[in-house]
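> What follows is a single structure, and I will ask about it in a moment.
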Amino acid sequence: MIGAHPDDEDTQLLVLLSRGMGAQAAYLSLTRGEGGQNLIGPELGPELGIIRTEELLAARELDGARQFFTRASDVGFSKSADETFRFWPRDSILKDVLEVIRRFRPQIIVSVFSGTPADGHGHHQVAGIIARQAFDLLRDSAGGPVKFYRSTRGDSAATTLALPVGTLDPILGYSYYQIAMASRSRHRSQDMGQLQRPGPSTARVALVAARPGASGGSSEPSLFAGVDTTVPVPGYAALIDSARAALTPWRPAATLPYLTRASRLLGTADVEQRALLERAIAAAAGVAIDGTGDDGIVTQGQRLQVEVTVWNAGDSAVRVDSVAVDAPVGWVVDRLDVGAASVAPGAVSSRRFIVTVARDAERSQPYFLRRPVTNRGGLYDWSGVPSDVRGLPFEPPPVAARVRVTVGGEPVTLTREVVYRYRDQAIGEIRRPLFVTRDLDVAVSPEEVLWPIDGAGGGRTPRRFTITVTSRARGTPALARTQVTPPRGWPPVPSESLGFSREDEAKSAVVALAPPEILAPGAYELRAAAAGGDGRRHEGWLEIIDYPHIRPRALARPSVAQIRAARIALPALSRVGYVRGAADRVPEALLAVGVPLELLGPDSLARGDLSRYDAIVIGPRAYETEPALVANNGRLLDYAKNGGLLIVQYQQYPFVDGGFAPFPLRMARPHDRVTDEAAPVTPLDPAHPVFHYPNEIAPDDWRGWVQERGLYFAHDWDSTYVPVLEMHDPPPGPPLPPAELKGGLLIAPLGRGTYVYTGLSFFRQLPAGVPGAYRLFANLLGLRRSNVP
C-alpha cells in the first residue's frame with residue numbers, strides 16, 4: 001500500500017490482509033509527516049516526524065503490516081502535484097519506491113490515492129502518480145507486481161471489489177474493523193482517535209491495472225484472484241495444511257515432524273522469508289530468547305553488562321549451538337560464561353557478556369537526520385546509509401542478541417534487540433531501547449531568540465539563557481564547568497562550575513548575555529559546551545522523545561542558540577494572559593522579547609480576574625486541547641465586551657462547530673490556507689492601526705516566513721468582522737485566476753473591546769525568529785491602545 005503521509009493508510013484493508021488473510025502486507029509512506037501539526041506536545045518538524053514514524057510502527061504492531069519510507073520530507077501542504085515535484089524530484093522519489101517494491105516483492109500494489117486533482121493535497125496526488133508509474137515499470141519483470149488497485153474509501157462509486165472487514169476474529173475477539181480503528185487511534189499526534197464499533201463494515205478498492213490474464217474484471221471474487229499464491233516447493237501446501245492441524249497449544253510435541261520438514265525448506269527462501277519461517281518454527285516449538293542490559297543511556301568507553309536468555313517452553317530438549325551479542329564496529333564484546341549446551345523442557349539458560357562502547361561512538365541519531373535535508377528541505381540525504389537500511393523507519397538497534405539453536409534436528413537462528421529492563425514500582429516491567437551519548441550532555445534554552453533593537457541600533461537589555469548539563473557517566477561523582485561562546489564582538493560570558501553526585505543528574509546555570517554597544521540587525525549564534533573533570537570538552541545533547549503510546553526515540557541536538565536581532569517595538573503592556581494550545585511555543589517566544597506574559601490555567605479561566613490583562617491570547621487549537629477554555633469561553637467574551645482585547649490564533653472545525661466566536665464565521669472544507677510562505681500579501685485597509693502601531697508594517701515584514709502563510713482561514717463571516725489582509729497562493733495555471741483569501745486576519749469590535757481571529761501561522765513563525773511576524777503580533781497586542789474603530 002502506497003500513500004503520502006502517516007495516517008493516510010487504509011488500516012481496515014491492512015488488518016484484513018495481514019490478520020485476516022495471512023498475507024504479508026506493508027505500508028509505504030512517502031514522508032514521515034514532519035510538516036504537519038501536533039496535538040499532543042510541542043514537537044514540530046523533524047521531532048514531529050520521529051513521533052509520527054513511531055506512531056506508524058505502533059499502528060503496525062496492531063494491524064500486522066510492515067512499514068517503509070522514501071527520502072521525501074513533508075514540506076507542508078501543497079495544492080498541486082507540480083508544486084510538490086518542485087521539492088521532491090520525481091526521479092528520486094520513484095527510485096526510492098522502486099527499491100522498496102523490489103525489496104518487499106509484493107504481488108499486489110494498492111494506491112491510497114488516484115494521482116489526480118481529486119486527491120486534493122499535492123502530496124496525495126504525487127503518491128498516486130508515483131505508485132502507478134512504479135507498477136507500470138515493474139509489472140512485466142520477474143517477481144514484479146501482478147495487480148494494481150486504488151482505495152475507493154472516498155469514491156465508492158468506482159469500487160470494483162468490496163471486502164468485509166466487520167468479521168470477528170475468533171482468537172482476538174475483535175473484528176478486523178475494530179482492530180483497524182485501534183490501529184488508527186495510535187496516530188494520537190494527529191487527533192485520529194476512533195470508536196471501535198461492532199457490526200459489519202466494508203473496505204473498498206478499484207482494480208486499475210493488471211498483467212494480462214490476472215484480472216477478473218468487475219466480477220473478480222477476491223483481491224488475489226488471478227494471482228499465484230502457491231509456494232513453488234514440492235509438498236509445501238500439504239505441509240501447511242497438516243502443520244496447521246498440529247500447531248495447537250495442547251499438542252506441542254506433534255509439531256516437531258512438521259517443523260523439521262519446514263526448516264528444510266529454509267534454504268529455498270530469501271533472507272526475510274527465512275527469518276519469518278525461523279520465527280514461526282521457534283514459536284511453534286516454544287523457544288523464546290531475550291536480551292537485556294544494565295543501563296539505558298550509555299557513553300563512550302562505558303562497560304555494559306548484557307544477559308541473553310534462552311527459554312524452552314516446549315516439551316523437547318533444545319540444543320544451543322551458539323549465543324552471541326552483535327554490536328557496532330569498534331565496540332568490544334567479552335563473554336563472561338559459557339552456559340549449557342542444551343536447554344531442557346521448561347528450563348531457562350542464561351549467558352552473560354560485557355559490551356564496551358567504542359571511545360569514538362557517536363550520539364544516537366536517526367539515520368535520515370545525520371545530514372541536512374536537500375532540495376529546499378524536500379529530500380533527506382541518505383548518503384553513506386547502507387542499502388539495507390534505506391527506506392526503513394529507523395536503523396537497526398545498536399546491540400542485539402543472536403542465538404542459534406537446533407529444533408527438531410534442524411538449525412534455526414533467532415535475533416532480538418538488547419534493551420534496558422527495569423522495574424517501576426507502579427507500572428511493573430519497563431523496557432527501553434539503548435541510546436548512546438557523551439559523558440556530558442549540554443543543552444541551551446531558548447534555542448531561537450529574536451533580539452529587539454530600537455531605531456538607534458540599541459537593545460542593551462541583557463537576555464538570559466539557561467545552560468543545562470546532564471551527567472551521563474556511571475560511577476564516581478562528576479564535575480563540569482560551563483563554557484559559553486558568545487557571538488563575535490559581544491561581551492564574554494563567565495563560566496560556572498557544576499557538581500554531580502549520580503548518573504543522569506541534570507543541573508542548570510542561568511547566564512546573562514549582553515549585546516555590543518552597537519547591535520546591527522542580523523543573525524548571530526551563541527554556543528555552549530562543558531568541560532569535564534578530565535578536561536575533555538563536550539558539546540551537544542541527546543533529546544529523548546517519549547510518549548506512552550510509542551517507543552522512546554533519541555536524536556542528537558547541538559548546543560547552540562540562534563539569535564536574530566531586528567527592530568521591533570512593543571506596545572505599553574503590563575500583563576498579557578495566554579492559553580497554551582497544541583504544539584505551542586509562542587508563549588516562550590513572546591516572553592523572550594519582553595512581553596509580560598502569564599499562562600492561564602483552568603483556575604484562572606474559571607475564577608480569575610481577567611480584567612487584569614491588557615490582552616488575552618488563545619493558542620493554536622486550544623479549543624481542542626484545553627477543556628477549561630471551552631467551559632469558560634463565555635467569560636472570555638465578557639472580558640472583551642468589557643473593554644478587553646481577545647486574540648484567537650488558528651483553530652480547526654470544532655471551534656466554528658461549537659460556536660465559540662462572538663459572531664458567525666465559517667471555514668470551508670477543505671479549509672482555506674496559503675501554503676507558499678512567500679505568497680504576496682495585500683493590506684485591504686492600509687490605514688488600519690494594525691499596520692502602524694507600534695510598528696510600521698512594510699513589505700519586508702512578509703519576507704523570511706517559513707513553510708506557510710497560514711491555515712484554517714475563515715471562509716465567510718459576519719459583517720461585524722473587518723478583514724484587513726488579502727493573500728493567495730500562485731494560481732494552479734492559466735487561465736485560472738488566483739483564489740483571493742481575505743479570512744486570514746479578522747478584527748471585530750465587541751462591546752467596548754476588540755476580538756481578533758487569525759489563521760496566520762504565528763505558531764511556526766515566532767519560534768523560528770521571523771522578525772516581521774513578531775512586529776505584526778506586537779501590533780495585534782497594541783490594538784487595545786490604538787483606538788481601533
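The values are calculated or read from the model by the stated rules, or taken from the named source; none is laboratory data. Computed from a predicted model, the values in this text were never measured in an experiment. Note: ideal-geometry Cβ built from the backbone for every residue, glycine included; neighbour counts use all protein chains shown. Each accessible area value is taken on the protein alone, full model and side chains, heavy atoms only, with ligands, DNA and RNA left out. Shrake-Rupley method; radii C 1.70, N 1.55, O 1.52, S 1.80 Å.
> Rolling a 1.4 angstrom probe over the protein chains, ignoring ligands and nucleic acids, what is the accessible area of residue 289 in square angstrom, nearest 10?
Accessible area of residue 289: about 10 Å².
> Ranking request for peptides 25-34, 490-499: highest mean number of other beta-carbon atoms within 10 Å first, then the rest in descending order.
So the peptides 25-34, 490-499, ranked by packing, come out 25-34, 490-499.
> At q = 0.16, 0.22, 0.32 Å⁻¹, what base-10 log of I(q)/I(0) does the Debye formula yield for the range 12-54 when every alpha carbon is treated as an equal point scatterer in vacuo?
Each listed q maps to, in turn, -0.56, -0.71, -1.01.
> Rolling a 1.4 angstrom probe over the protein heavy atoms, how many square angstrom per residue are accessible across the range 9-80? Numbers along the way, then the final one.
Numbers: 1650 Å² over 72 residues.
Ligands and nucleic acids excluded, the figure is 23 Å² per residue.
> Let me ask another. Quick one: Cα centre-to-centre distance for the range 438-517 and the range 637-715, in angstrom?
Each part's Cα centre sits 36 Å from the other's.
> Which GluC sites (Glu not before Pro) in the range 678-781 sit in a loop by DSSP (not H, G, I, E or B) and have at most 15 other Cβ atoms within 10 Å of their own Cβ?
Values: sites: 696, 708, 726, 740; in loops: 696, 708, 740.
Loop-located and lightly packed - 696, 740.
> While we're on this one: Using a 1.4 Å probe on the protein heavy atoms, what percent of the accessible area of the chain belongs to carbon and sulfur?
The nonpolar share, carbon plus sulfur, comes to 53 percent.
> So, by mean Cβ neighbours within 10 angstrom, what's the order for 667-680, 432-445 with the highest one leading?
By packing density, highest mean first, the sequence is 432-445, 667-680.
> Another question about this same structure. In the chain, what percentage of the DSSP-assigned beta bridges are antiparallel, given to the nearest 5?
In the chain, approximately 75 percent of DSSP beta bridges are antiparallel ones.
> Moving to a separate point now. From the alpha carbon gyration tensor of the chain, can you work out the equivalent ellipsoid semi-axes (sqrt of 5 times each eigenvalue) and give them in Å, largest to smallest?
For the chain, the ellipsoid semi-axes come out as 51, 36, 23 Å.
> Hand me the tally of lysine pairs in the chain: alpha carbons under 30 angstrom apart, and the pair either on different chains or 8 or more positions apart.
Within the chain, the lysine pair count is 5.
> Can you give the helix-only mean residue ellipticity at 222 nm for the chain, where every DSSP H stretch with n ≥ 4 adds -39500 (n - 2.57) and the sum goes over all residues, rounded to the nearest 500 deg cm²/dmol?
Calculated at 222 nm, the ellipticity per residue is -5500 deg cm²/dmol.
> Something else about it: What order, most packed first, do the peptides 207-214, 338-345 have when packing is the mean number of other Cβ atoms within 10 Å of each residue?
On the way: 207-214: 16.6, 338-345: 13.6.
The most tightly packed comes first, giving 207-214, 338-345.
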